[in-house]
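Below is one structure, written out as structure tokens; the observations come after it.
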Amino acid sequence: KHRYRCIVSGACTPAVTSNAGVLSVSNAVAISNQPADVTICSGNSTSFTIAATGSIVSYQWQLSTDGGGSFNNITSANAATLSLNNVSSSLTNYSYRCIITGGCNSVTSTAATLTVQVPPSINTQPVSVNICSGTSNTFSVNASGDGLTYQWQISTDGGTSWTNVNGAVNNQLTVSNVTTAQNNNRYRCVVSGACTPAVTSNAALLNVT
């Protein structure tokens, strides 16, 4: 920071000296790292971060709830990092960007998208049935959540131990041409998803007459 002053002399003495004026030179602000998209599970916390060079005066994070159509300032979000705590699924697909103001200019970051995934949950349990030998039955489970996968299991000892049923990896399990040897078998489904923990359905009993 250079300082400048002026000495004024005249026909009479003494000369007078002005106050010093300060010359401050600011560097233009430029974004070096844009905020990145984030995918998390509901209930967790996350953050968006921006990095910039130049003479930075302030940060202001903004939020869009309509896919980037419009943005509004987030109160007190005035740092390089924006933290979001205990995120709910209602925030999925929200967009966040930051305006950085400097001594010479202002720059706006690209918008980063928040994707919130939901852990699996079972809405409808498999149902126990009574059927005759030689017939078939389909057990089914209805679940919600993101990235769901299914694995049916069987117990032949009253539910003490369970074994995966080979190839039974969707929300329905069909047992065909049953015999009386399958009487009292129990069937359940383990539902996994993009978020943990997995959930296990109730056990459905197969009664074969």
- Query: Peptides 19-27, 163-171, 43-51: what's the order by average Cβ count within 10 Å, highest mean first?
  - Reply: 43-51, 163-171, 19-27
- Could you pull out which residues in region 13-39 have an amide N less than 15 Å from a spot 7 Å beyond the Cα of Thr53, following the Cα-Cβ vector? 27-34
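Could you size up the charge dipole of the chain around its Cα centre, putting +1 on the beta carbon of Lys and Arg and -1 on that of Asp and Glu, and report it in debye to the nearest 20? Present the calculation step by step, with values, prior to reporting the outcome.
Values: 6 positive and 4 negative charges, 143 e Å.
For this selection, approximately 680 debye.
How much length is gained on full extension from His2 to Asn123, taking 0.36 nm per residue of separation minus their Cα-Cα distance? Provide the component values of the computation, followed by the final result.
Numbers: separation 121, 0.36 × 121 = 43.56 nm, distance 7.16 nm.
Contour length minus the Cα-Cα distance gives 36.4 nm.
How would region 102-209 be classified by its alpha-carbon gyration tensor: rounded, prolate or oblate, with rounded meaning a/c under 1.5 and the a/b versus b/c comparison settling the rest? Before the final figure, lay out the partial values.
On the way: a/c = 4.61, a/b = 3.87, b/c = 1.19.
Verdict is prolate for region 102-209.
What is the percent of Cα-Cα separations in region 27-98 that go past 17 Å? Intermediate results must be reported in sequence, preceding the final value.
Numbers: 1199 of 2556 pairs.
Summing the P(r) tail past 17 Å for region 27-98 gives 47 percent.
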- Query: Once the Cβ-Cβ distance between Cys12 and Cys104 is put in as r, and R0 is 35 Å, what FRET efficiency do you end up with, to the nearest 0.05?
  - Reply: 0.20
- Task: Calculate the length of the line joining the C-alpha centroid of region 36-111 to that of region 126-177, in whole Å.
- Result: 46
- Message: Of the listed values [x] 57; [y] 61; [z] 39, identify the label whose number matches percent of Cα pairs over 26 Å apart calculated from this model.
- Response: [y]
- Message: Give me the 1.4 Å probe accessible area per residue for the chain, excluding ligands and nucleic acids, in Å².
- Response: 57
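Return the carbon/sulfur percentage of the accessible area of the chain, one whole number, probe 1.4 Å, all protein chains in place.
46
The values are calculated or read from the model by the stated rules, or taken from the named source; none is laboratory data. On a predicted model such as this, the values are computed, not experimentally measured, just so you know. So basically every Cβ, Gly included, is an ideal-geometry build from the backbone, and we count neighbours across all protein chains shown. Note: accessible area is taken over every heavy atom of the protein model, side chains too, but ligands, DNA and RNA are not part of it. Shrake-Rupley method; radii C 1.70, N 1.55, O 1.52, S 1.80 Å.
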